[in-house]
Amino acid sequence: MIIKNKAIVSDDWTILRLSENETPESITVPAGKMIVPLTVWQAQRDNLQARAELGVWLASHERPEELKGEVGKFDVIAVDFPKFGDGRGYSIAYNLRARLGYVGELRAIGDVLRDQMFYMQRVGFDSFAPRPDKNIHDALKGLTDFSEIYQISLDQKLPLFRRVKRDGIATAGSAND
């Protein structure tokens, strides 16, 4: 089960992870809906690009620009969070959406906890695979932890002070700005 578009749904995708003795060039990608590491995509691009249902995942040290011009080929792109304190995945997600124009499913995988999910959705994630030892129903509540957003991001283009009308003060976008 995963959280997708703020609902708990069955996950019909399999995330391919390399074991210690496997290399991106030698691993066989099984049939079906597979999300492969970026390194496997790069090593086996010629064979994999003909597959209809394929996704790719990026490790936190990888750059989303590696997929420039190719993001539209994937139904899903996942970003791995190797540990709770590693925030590089937020930048990867933001860049996939804002700079590379990715519009498909953007999934957070790895050490994904409720506390992060509200902020993850702000930078473009729309699906989440919470850590298996956590309650997915509790994690879903993390998407609505806050009722108001102060800062701008992908989901809100104006900061709160520009959205609030105060008596006696002109609103944003008026002739007095």
ask   = Within segment 1-27, restricting attention to residues that are assigned to a loop (DSSP other than H, G, I, E, B) and among the hydroxyl-bearing types (Ser, Thr, Tyr), which residue is nearest to the chain's Cα centre (by Cα)?
value = 10
inquiry  = If I ask for residues that are in a loop (DSSP other than H, G, I, E, B) and surrounded by 14 or more Cβ atoms within 10 Å (Cβ to Cβ), which ones from segment 28-44 would you list?
reply    = 29, 33
remark   = Here the residues within segment 10-22 that are hydrophobic (A, V, I, L, M, F, W, C), within 30 Å of residue 143 (Cα to Cα) and open to solvent by 50 Å² or more (accessible area, probe 1.4 Å) are 15
ask   = All but one of (1) in contact with a Lys or Arg (Cβ under 6 Å, 6 or more places away or on another chain); (2) among the acidic types (Asp, Glu); (3) open to solvent by less than 50 Å² (accessible area, probe 1.4 Å) hold for residue 80; which doesn't?
value = (1)
message = Quick check on this structure: which one of 25, 105 is open to solvent by 10 Å² or more (accessible area, probe 1.4 Å) and touching a Ser or Thr at 6+ places or on another chain (Cβ under 7 Å)?
response = 105
ask   = Quick check: is even one residue across segment 52-62 over 23 Å from residue 128 (Cβ atoms) and either without any contact (Cβ under 8 Å) to a residue 60 or more places away in the chain or buried (at least 16 other Cβ atoms within 10 Å of the Cβ) (or both)?
value = yes
Filtered residues of segment 124-143 (kept if open to solvent by 20 Å² or more (accessible area, probe 1.4 Å) and under 12 Å from the mean Cα position of the chain (by Cα)) = 126, 129
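The values are calculated or read from the model by the stated rules, or taken from the named source; none is laboratory data. Everything quoted here is computed from the prediction, not taken from an experiment. Please note: Cβ atoms are built from the backbone with ideal geometry, for glycine as well, and neighbour counts cover all protein chains shown. Please note that ligands, DNA and RNA were not included when accessible areas were found on the heavy atoms of the full protein model with its side chains. Shrake-Rupley method; radii C 1.70, N 1.55, O 1.52, S 1.80 Å.
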